[in-house]
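Bear in mind these aren't lab numbers, they're just calculated from the coordinates by the rules spelled out. Computed from a predicted structure; not experimentally measured. Note that we place each Cβ from the backbone using ideal geometry, even for glycine, and neighbour counts take in every protein chain shown.
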């Protein structure tokens, strides 16, 4: 008589909690998306108004008698201001793209994305956030070819920048500082680390 072996029990199913995304990760990706949205809004504002800001700065400089002896013409400095504003907006968009891409990858538990997100948070905090705040508060001169014009150019640019765009820039800087710190902490908590190890 042939003995039929008993059927093997089915393999244990993974618990629902093992695949559940931790709250810390959800808040981390949400914060990264919020930073990206602020950067995109600021970049759009800068791109839309860079011409008006440069023109207004040029008019202010041409109307300043103390600027008559400057080595650079007002239109040349306005062109440099325009380039600076466009470059700043482009950097905002690049960082926004990094935040959106890594946020999506973090959401699906990609290990390499977590490491890159930690690096991005550190760079955003140190270079863009704190660096941007320091440059706005302590840098009071704009220098062209080693020629300083005190606060004339900076004051002209600030005066020509709309209040809402200035507010957007400060919001972006604040999010780059505090949001990046929060993302770094949330990705380092044990729940997030265990999720990426599964």
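Worth pointing out:
- Take the Cβ atoms of residue 84 and residue 181, set R0 to 30 Å, and the FRET efficiency comes out at 0.60.
- Given their separation in residues at 0.36 nm each and the Cα-Cα distance between them, residue 48 and residue 119 gain 22.5 nm when the chain is fully extended.
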